[in-house]
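The values are calculated or read from the model by the stated rules, or taken from the named source; none is laboratory data. Note that the structure is predicted; figures quoted are calculated from it, not measured. Positions of Cβ are generated from backbone atoms using ideal geometry, with glycine treated the same way; all protein chains shown enter the neighbour counts. Each accessible area value is taken on the protein alone, full model and side chains, heavy atoms only, with ligands, DNA and RNA left out. Shrake-Rupley method; radii C 1.70, N 1.55, O 1.52, S 1.80 Å.
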Amino acid sequence: MGGWLIFTANLLFEDKVLSQEDVLQWQGMAHNSFQYKETHGHFPLWSNSMFGGMPAYQIAMDSQSVSVPGLFYGVLTFYLAKPASFFFLACICFYFLAGVLRINPYIGIIGALAYAYATYNPVIISVGHDTKMQSIALLPGVIGSLILICEKKYWLGMTLLTLFTALLVSFNHIQIVYYTMIIAAGLLLGYAIPWIRKGETRRVGQVLAMTAGATLVGILSNAVVLFTTYDSSKESIRAGSELAGNPGNNAHNGLSDSAAFEFSMFKLEPFVMLVPDIYGGSTDLQLSPQQSKAARVLEEMPPDLAVRIGEDGPRYYWGGVGKFFAGPPYAGAIIILLTFLGFFVLDDRHKWWILGVSVFTIAMSWGGYFYAFNGFLLKWLPLYNKFRAPSMILVVPTFLFCMMATLTLDKIRIAEDRAALWRQYKWGLLCVAGVFLLLTGLYFHFNYTSSWETDLLKKAADQGSTAIGYMEDFVRALREDRRTLFGESLLRSLGLILAAALVLGLYIRKVLSSSFLLAVMGLLVFVDVISVDLKYLNGDNYMENGEYQQNFAATKADKKIQEDKGYFRVFDLRDSTANTLSYGAMTAYFHFSIGGYHAAKLKIYEDLINRQLYNFPNCGPVINMLNTKYIIKPAKSGGDSVFRNKGSLGPVWFVQGVRFEPAANDVMNALTHFDPKDTAIVFTIDSSNVRLAASGDTAGTITLVKNDNDEITYLSQAPGQRFAVFSEVYYNRGWRAWIDDHEAPIVRTNYVLRGLSVPPGRHIIRFFFRPLSYYLGRQIQWMASIIFPVDDDGRDHCRDPGDQAGAGFPA
């Protein structure tokens, strides 16, 4: 099927590597875990690589090597390499759904290709959202299995639903799992309403019970992944911030409104499913001066002014998602045509619940641009406030439109009353024509303006009239380019729809045969999506293996720091901007970093980044308390340079006094002007766990013996009671401390660190990371293995940073 096409194309890239930004970042952040596994035989549960430390099971963890779901996945993917396996998996799962719906096999192939190659899929593959793509690929299998149960194929349906659910959940992209649940809820409602009308309420209960049972077994076979993810979510940025009341931090139990709606779509933007370049296509789109007026103006612009625009040149995307938009979720013009026809051609079994779920999820994609609706959902819809990127939910209508289009084409093929079909066909075409009239009006009505060029004009105003003149010319040309992109894309979609409509019309009028209809429609549907896909996933996404490995080559600065074999952290300022550590996780490949890249970082550390870490020049105390021994800065002459931070306090120290503050904001504010060497800042509520000798007692020493990720050992010796500050991130969901043979309470100190009251004398202090969620999950997963035999020591379960935990709840 479609996967073979990409697989064949991969042969052209022999010895080349698919370069994916998020996968590259994951390799950086996971390096510490893999080094640990080399010496211990298993992954650690805690990682020292980023943000001063974080749960390692949000990066990589041991998982199942031999299991029924794992073997099932291998069969479904034909053991192909990525990305061929992703497309093949999507094709197979959708083809299975088509078979469940009793659709002609050739039409099932057409639908499978349309779904697998819907443009959102190659777009997310290009940036490295592998687990999201795998989850999307499995979605039709879950829905097909559910339909089997609804159609009284109980045992087969439950078995397959369990298998598909186990696979879907294993990839831990819970946002796609959540979207699958929305589709399933719509489907079950679509079946239940007619049953209830007929008085078949018992059947409703049976189907719900069977669905719940099969789903539960599939879920519990991934108990370790789910339990650890859910548990860590309570302390991640998905649980909101303690600094509620500050701008952008107004959520205690979930993402703030601004974070949850950060990647929202304009209300008209979902039309990109029909016309991909309405809003400029992508922020990564690059056009030559021959193709772009803005690019020509940029060539003539003075260098000091052109640098304000950036290395990537003109930004053609101007939609609601913002400055990072990898590509449009284009479903295909012909798929949309068939979907519209379906509302007139099909019976009531599927079309109304499909319509309802599609409208509902499209409204959800508007996010903050439809706050009255989505703000309500954020508050009341269970778990919805754990997610970000509302635009992602367009995977739901994309799937449903492919399903609807496949059903429609099959109905057209087998329709016997051609006269009635012709009337229904004409009504469908009138609706499509109405949509294109609306889009034509938008083409002339849009101002093609975004906040990006508005900011450029404001900055140019500070440089005088000459700069303003150049920038106005650039902005004017950019708007014309955006208008051109919209117009060309609109004509392209219209042309494809006219061609498909002509073929369908001739078939209905009995001019063409069924075989000719399917052959031409299949070709048109595939050419429609693949021609757009190749803009986002093509040979340019591959690089020579040697070139790719250069990403992991240490710079002179890295090599210099690696000469120091002590335990310390690094603050990397290369390519950094305010409130961001944009060098990302690659620093963690070489060093323990106080920065990093992960969309599920601990919320207390996110607060520290936002409020202190870039609070120049007042961030010195925070940098020192984080055991930051080296700072990497970009050198003016190119490359980078290393600075030794003489104020670093090391891994642990005794303080002379403790200052108590009542609230999170008070503790955070106190970090700006304090001496962490002498003073510890502790929440008032923890005062009973703080014991300190008489003021002024500075005698005693405490040193790090060994830090082994999940176990840390210190040696303390002091004549009196002392309070120690440990430069390790506070995390109360698994870390426990012992002084000799007695457990001691860990005190949250300096907002993000750990503190401990240490009695006089010589003591061995040990910290152990034993999260209940992990061990309880293992026990429950073992019990689930009665149905699906598993081996817990084997295949590495790897999580992509911006996809796996970043885009999905509740990491």
Treating only the Cβ of Lys, Arg, Asp and Glu as charged (+1, +1, -1, -1), what charge dipole size does region 387-514 show about its Cα centre? Round to the nearest 20 debye. 640 debye
Restricting to lysines and to Cα separations under 19 Å from Lys411, and discarding same-chain partners fewer than 8 apart, the set is Lys351, Lys426, Lys510
On C-alpha positions alone, give me the angle between the axis of helix 451-461 and the longest principal axis of the chain, in degrees, nearest 10. 60 degrees
To the nearest 10 degrees, the tilt of helix 154-170 (Cα long axis) against the first principal axis of the alpha carbons of the chain is 40 degrees
If you roll a 1.4 angstrom probe over the protein chains with everything in place, what fraction of the accessible area of region 464-573 belongs to carbon and sulfur, to the nearest %? 58 percent
Hey, what do the phi angles of region 308-316 turn into as Karplus ³J(HN,Hα) couplings, whole Hz, using 6.51/-1.76/1.60 and θ = phi - 60°, x for Gly and Pro? 5, 6, x, 5, 7, x, x, 9, 7
For region 650-753, fraction of C-alpha pairs farther apart than 23 Å, in %: 24 percent
Return the Rg/Rh value of region 333-475, two decimal places, where both radii are evaluated on C-alpha atoms and Rh is the Kirkwood radius. 1.16
At 1.4 Å probe size, put Arg736, Arg569, Arg611 in order of accessible surface, largest to smallest. Arg736, Arg611, Arg569
So what is the 222 nm mean residue ellipticity for the chain from helices alone, if each DSSP H run of at least 4 adds -39500 (n - 2.57) and you divide by all residues, rounding to the nearest 500 deg cm²/dmol? -16000 deg cm²/dmol
Identify all lysines with a Cα-Cα distance to Lys459 below 23 Å; exclude those on the same chain that are fewer than 8 residues away in sequence. Lys293, Lys323
Given the pairs Lys560/Lys677; Lys556/Lys636; Lys601/Lys646, which span a C-alpha to C-alpha distance of over 22 angstrom in this model? Lys560/Lys677; Lys601/Lys646
Under the Karplus relation 6.51 cos²θ - 1.76 cosθ + 1.60, θ = phi - 60°, what is the ordered set of whole-Hz ³J(HN,Hα) values for region 277-291, x standing for Gly and Pro? 9, 4, 10, x, x, 7, 6, 8, 5, 10, 10, 6, x, 5, 9
One would report the antiparallel percent of DSSP beta bridges in the chain, rounded to the nearest 5, as 85 percent
Per the charge dipole of region 171-303 (beta-carbon charges, Lys/Arg positive, Asp/Glu negative, Cα centre), the residue among Thr211, Ser241, Ile183 reaching farthest to the positive end is Thr211
What's the longest bit of the chain with no exposed GluC sites (Glu not before Pro), using DSSP loop states and at most 12 other Cβ atoms within 10 Å as the test? 15-310
Got a sec to turn the phi values of region 372-382 into Karplus ³J(HN,Hα) couplings, 6.51 cos²θ - 1.76 cosθ + 1.60 with θ = phi - 60°, whole Hz, x for Gly and Pro? 4, 8, 6, x, 5, 5, 4, 7, 10, 6, x
Can you tell me the accessible area per residue over the chain, all protein chains present, probe 1.4 angstrom, in square angstrom? 41 Å²
Leaving ligands, DNA and RNA out of it, report the carbon-plus-sulfur percent of the accessible area of region 172-246 at a 1.4 Å probe. 67 percent
Under 18 Å from Lys198, Cα to Cα: aspartates and glutamates that are on another chain or at least 8 residues apart: Glu151, Asp347, Asp348
Please arrange Cys619, Cys431 by accessible surface area, largest first, computed with a 1.4 Å probe and ligands excluded. Cys431, Cys619
Helix 223-233 against the longest principal axis of the chain: what's the angle in degrees, Cα atoms only, rounded to the nearest 10? 70 degrees
